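Trainee: There's a structure below that I have some questions on.
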Amino acid sequence: MEGLRVGFLGSGNMCQAVAGGLIASGTVPATNITCSARSEGGLAAAKGMGMNTTLDNCEVVRSSTVVFIAVKPHILPGVLKEVAEFVTEEHLLVSVANMVTNKQIEDIVGKKVGVMRTLPNTPCKVRSGVVVAYPGTFCTPAQCDLCTKLMSPLGLFSILPSEQLIDVASGLCGSSPAFLFMMVDAMADAGVRMGLPRGVAQNLAAKTMEGSAKMVLEGSEHPIQLANNVCSPGGTTIEGVYTLNRAGFKGTVMDAIITACEKTQGKPQTYNR
């Protein structure tokens, strides 16, 4: 990837997560990345990471081969129309914008340019993320390979069988870090309630979640079997499991994922399931 120039249209959380992962993994040096924003204040984090910055979106496209579209969906059409003149068939446009299809981007740009719709989640910043993707009509095998090489160091990278499944992944792995952060916070609160110092409780909760996830990823047992393995007859863990089941824990988690997916798909929200 030596010499590859990468650009980011937008400097928000997703830009920082993906660019941070690219830099931390050594895939692309910060000096080869250019990021744009609407104001100098929006570029503070990018400057702190060592990236080149600009207020000119067109400069990002002119100076880059791979351009990440990292603006909010409602801003995206205007930004793409602004830079379309400078987009060539040599560019690879990698969209991280939720709810925007490959065809919508292709139509706005108006050229046979390679587009890869992706959905990275925020843990990409620490190279433990998930990225799902689907190539557009004009995305070549070489561009697919380039995107894979760029994104794989950020965590688990998967090209999905259909673009529609990205909407499903949005709820499952795009939104769920927020739910897991809430779980860590709740566990830490319980630890504090029972006497642990806040910092100790938070670290214990987070590390327990990390280790449990690692057992699922690296082992062959079903998650429920792993849970059963912790539950001794009449013991403390089954008592806690009983409390979670009485509160509708599994159904509540499923509802959170499903409603997030439905929001992405533009479906009416059905909170009273």
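Trainee: Anything in the range 1-54 that is part of a loop (DSSP other than H, G, I, E, B), over 24 Å from residue 119 (Cβ atoms) and of a type in the set (S, T, N, Q)? List them, or say none. Show your work before the answer.
Mentor: Let us first name the residues in the range 1-54 that are part of a loop (DSSP other than H, G, I, E, B), namely 1-5, 10-12, 25-29, 37-39, 49-51.
In the following step, the residues that additionally are over 24 Å from residue 119 (Cβ atoms) were identified as 2-3, 29, 39, 50.
Answer for the range 1-54, where residues must be part of a loop (DSSP other than H, G, I, E, B), over 24 Å from residue 119 (Cβ atoms) and of a type in the set (S, T, N, Q): just 39.
Trainee: To continue, here is another question. Quick test for you: out of 39, 63, pick the one residue that is out of contact with any Phe, Trp or Tyr (no Cβ under 9 Å at 6 or more places or on another chain), hydroxyl-bearing (Ser, Thr, Tyr) and at pLDDT below 95.
Mentor: Being out of contact with any Phe, Trp or Tyr (no Cβ under 9 Å at 6 or more places or on another chain), hydroxyl-bearing (Ser, Thr, Tyr) and at pLDDT below 95 holds for just one of 39, 63, which is 39.
Trainee: Taking the stated definitions as given, is residue 32 open to solvent by 40 Å² or more (accessible area, probe 1.4 Å), modelled with pLDDT of 95 or more and within 15 Å of residue 5 (Cβ to Cβ)?
Mentor: No, not satisfied.
Trainee: Please go through the range 16-29 and give me each residue that is under 19 Å from residue 56 (Cα atoms) and either among the small types (Gly, Ala, Ser) or crowded, with 24+ Cβ neighbours inside 10 Å (or both), ordered by number. Give the derivation first.
Mentor: Filtering the range 16-29 down to residues under 19 Å from residue 56 (Cα atoms) leaves 16, 19.
Across the range 16-29, the qualifying residue is only 19.
Trainee: Of (1) surrounded by 22 or more Cβ atoms within 10 Å (Cβ to Cβ); (2) without any contact (Cβ under 8 Å) to a residue 60 or more places away in the chain; (3) in contact with a Pro (Cβ under 8 Å, 6 or more places away or on another chain), residue 51 satisfies all except one. Which?
Mentor: The failed condition is (3).
Conditions (1) open to solvent by less than 60 Å² (accessible area, probe 1.4 Å); (2) of a type outside the set (D, E, K, R); (3) over 24 Å from residue 186 (Cα atoms); (4) within 24 Å of the chain's Cα centre (by Cα), marked per residue:
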site	(1), (2), (3), (4)
218	no, no, yes, yes
224	no, yes, no, no
229	no, yes, no, no
233	no, yes, yes, no
249	no, yes, no, no
258	no, yes, no, yes
265	no, yes, yes, yes
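Trainee: Right, another one. Open to solvent by 20 Å² or more (accessible area, probe 1.4 Å), in a loop (DSSP other than H, G, I, E, B), within 24 Å of residue 174 (Cβ to Cβ) and of a type in the set (Lys, Arg) - does that describe any residue in the range 55-73?
Mentor: yes
Trainee: Tell me which residues, restricted to the range 1-15, are within 19 Å of residue 97 (Cβ to Cβ) and open to solvent by less than 40 Å² (accessible area, probe 1.4 Å). Step through it out loud before you land on a result.
Mentor: At the first step, the residues of the range 1-15 found to be within 19 Å of residue 97 (Cβ to Cβ) are 6-15.
Answer for the range 1-15, where residues must be within 19 Å of residue 97 (Cβ to Cβ) and open to solvent by less than 40 Å² (accessible area, probe 1.4 Å): 6, 7, 8, 9, 10, 11, 12, 15.
The values are calculated or read from the model by the stated rules, or taken from the named source; none is laboratory data. Bear in mind that the values here come from a model prediction, so they are computed numbers and not experimental data. Ideal geometry is used to build each Cβ from the backbone, glycine not excepted, and the neighbour counts take in all protein chains shown. These accessible areas exclude ligands, DNA and RNA; they are computed on the full protein's heavy atoms, side chains included. Shrake-Rupley method; radii C 1.70, N 1.55, O 1.52, S 1.80 Å.
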